[in-house]
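Each remark here refers to the structure printed beneath this line.
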Amino acid sequence: MSETIQPKATIVIFGATGDLANRKLYPSIYRLYKSGKLDENFAVIGLARRGWDNDIIRENVEKSIQGLVTEDEDVSAFTSHFYYRPFDVTSADSYNDLKNMVESLEKDYQTDGNRLFYLAMAPDFFGTIANELKNHGLKDTPGWTRLVIEKPFGHDLPSAKKLNKELQAAFNEDQIYRIDHYLGKEMVQNIEVIRFANGIFEHLWNNQFINNIQVTSSETLGVEERAHYYDTSGATRDMIQNHMLQMVALLAMEPPINLSTEEIRSEKIKVLRALRAVKEDKVDEYFVRGQYGAGTIDGKEVVGYQDEVEALKGSETETFVAGKLVIDNYRWAGVPFYIRTGKRMKEKSTKIVVEFKDIPMNLYHRKDALRNPNLLVINIQPNEGITLHLNAKKTGNGNLTEPIQLAYHQDAQSGINTPEAYEKLLYDSMLGDATNFTHWDEVALSWEFVDRILASWAHEKPDFPNYESGSMGPKAADELLAKDGFRWWPE
């Protein structure tokens, strides 16, 4: 077994009092610490506008990891690594103070000058912070410096280009780590393994043997406290431009020369380049948008999107998108990739379904029976695993068949503790492994594709709401597949 690498680093978190830091970052740092993936020589500096001090941030970190610690566990050894400074991202004094603090802690913790700057805050200040870090010498260190940023990366291609230009004035592309937390999920990373470590699948992974591929990411939640952000974003910007297109790229990419970051990214970029651009006047043939109305979720009555808060009255923001993607290359010509994502749907689930073609003459297929094709289902969440749907002889006399499932569930494995996506991505960023982060070229190509769809919708008034909460979206999403002779799996 290879020895676990324990990176040394000073982690600086901008937005340390926010929801992301409390729900994801602090528990992830604790898990890395407990699993021996973080050297004792680390320090975390929290920055935000609130007038906290070291004691308050340590109390908050302790609260955020409560569900992970045993009753009698003393976490003070862990929380003692956390420090706090009130911070104004536009103030030169704040950056000078931060520089002194970082240099002082680097001596105390002997972190070799390695610095990870994590921007866990609104993207309005990404460019400002990146350039101020450079201008105040916070990048001048004998170790490495990396900048981790959250989505959204712009709200369209021009704004993304502007932001990227600001970031690249201060940091090189190989120092910028754009987080897409879906890429940190264990089963998303398993897509490559399923394909490239199994001849049974990779030999069939093309238009000769596959009918269509479906990617679904559904949520039962509404917009909750994210109403303001969500209404300016919508499902297309929030999910399609990043998470969904990233999964499609992994599913459709060619085998890379090796497993290096550069080669894997190169193949994903080729897929995004091969995505057929949808002309504005053809968008309705390829994409369906929706917005949830009132309905029932888990036996409880819930209100529609426009009734969540007063500010959403009359909103034309989509909370559901389904689309047909066409990849114009040798491997995938003629194979549609269907994607759908939405809020207030029947179940919380992220899954990929690969539908294989039927054999030329299926002797066991009854004309009056529903077709049961072979399916490979990759469950990303909540029940991580893989299921292969086959047909077998039905018990008893006659030649009837019934579908059976061969299933492997990740969480059913004894002793397996699947790492959180953020835990994996934080660790990778400290190791300098950018494989599961998005390159600028991927961001730009995704925006280019999505902008045409949004531009078309901007000229049409939608008939919202058009699906009930607790359903699987508008009927038009089913018709999108039906006109090609397919249906969403599994039903």
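Just so it is clear, none of the values below were taken in a lab; they were calculated from the coordinates. Model, not experiment: these values are computed from the prediction. Using ideal geometry, Cβ is built from the backbone for each residue, glycine included, and neighbour counts are taken over all protein chains shown.
For segment 9-150, what number of Lys pairs, 8 or more residues apart or on separate chains, have alpha-carbon atoms under 26 Å from each other?
Lysine pairs meeting the criterion: 15.
When the Kirkwood radius is taken over all Cα pairs of segment 260-341, what Stokes-Einstein diffusion coefficient follows at 20 °C and 1.002 mPa s, in µm²/s?
134
Please report the relative contact order for the chain, taking Cα pairs under 8 Å with a sequence separation of at least 6, and give it as a percent rounded to a whole number.
17
Using Cα atoms only, what is the angle between the long axis of helix 54-64 and the major principal axis of the chain, expressed in degrees (0 to 90) to the nearest 10?
Result, in degrees: 20.
How tilted is helix 186-196 with respect to the longest principal axis of the chain? Cα atoms for both, answer in degrees (0 to 90, nearest 10).
Tilt of helix 186-196: around 60 degrees.
Let me have the relative contact order for segment 41-113, percent, based on Cα pairs under 8 Å that are six or more residues apart.
It comes to 47 percent, rounded to a whole number.
Let's test this: bin the Cα-Cα distances of the chain at 20 Å from zero up to the farthest pair and state each bin's percent.
Calculated P(r), rounded to whole percents: 21, 53, 24, 2, 0.
I'd like the FRET efficiency for GLU202 and ALA392, computed as 1/(1 + (r/R0)^6) with the beta carbon distance as r and R0 of 25 Å, rounded to 0.05.
Computed FRET efficiency for GLU202 and ALA392 comes out at 0.55.
What ranking, highest mean first, results for peptides 192-204, 235-247, 150-162 when packing means the other Cβ atoms within 10 Å averaged over each residue?
Taking the mean over residues of other Cβ atoms within 10 Å, the ranking is 235-247, 150-162, 192-204.
Under unit Cβ charges (Lys, Arg +1; Asp, Glu -1), what dipole magnitude, rounded to 20 debye, does the chain have relative to its Cα centre?
Dipole magnitude for the chain comes out near 1440 debye.
Write down the radius of gyration of segment 206-249 and its Dmax, each obtained from C-alpha positions, in Å.
Cα only, segment 206-249: 14.4, 46 Å (Rg, Dmax).
Can you tell me how segment 131-253 classifies by the Cα gyration tensor, rounded, prolate or oblate, using a/c under 1.5 as the rounded cut?
Oblate.
What lysines could a cross-link reach from LYS346, if we take a straight Cα to Cα line under 18 Å and drop same-chain neighbours fewer than 8 places away?
List returned: LYS300, LYS475.
Run the numbers on segment 148-247 and let me know its relative contact order in percent, using alpha-carbon pairs under 8 Å that are six or more apart.
30
How large is the helix-only mean residue ellipticity at 222 nm for the chain, computed as the sum of -39500 (n - 2.57) over DSSP H runs with n ≥ 4, divided by its residue count, in deg cm²/dmol to the nearest 500?
Helix contribution divided over all residues of the chain: -9000 deg cm²/dmol.
What is the projected area of the convex hull of the Cα atoms of segment 9-150, averaged over all directions, in nm²?
8.0
Restricting to bridges with both residues inside the chain, how much of the DSSP beta-bridge set is antiparallel, in percent to the nearest 5?
55
If you find the alpha carbon centre of segment 100-121 and of segment 52-66, how far apart are they in angstrom?
Cα centres, segment 100-121 to segment 52-66: 19 Å.
Given ASN100, HIS136, ALA43, which one lies farthest toward the positive end of the charge dipole of segment 9-150, if we put +1 on the Cβ of every Lys and Arg and -1 on the Cβ of every Asp and Glu?
Highest projection toward the positive end goes to HIS136.
Sort 76-86, 333-343 by the packing proxy (mean of other Cβ within 10 Å over each peptide's residues), most packed first.
Order by mean packing, descending: 333-343, 76-86.
Would you list, by chain and number, the aspartates and glutamates whose Cα falls below 12 Å from the Cα of LYS343, excluding same-chain residues fewer than 8 positions away?
Excluding near neighbours in sequence, the set is GLU219, GLU224, ASP238, GLU318, GLU468.
Could you tell me the center-to-center distance, by alpha carbons, between segment 189-246 and segment 440-464 in angstrom?
Computed from Cα coordinates, the inter-centre distance equals 17 Å.
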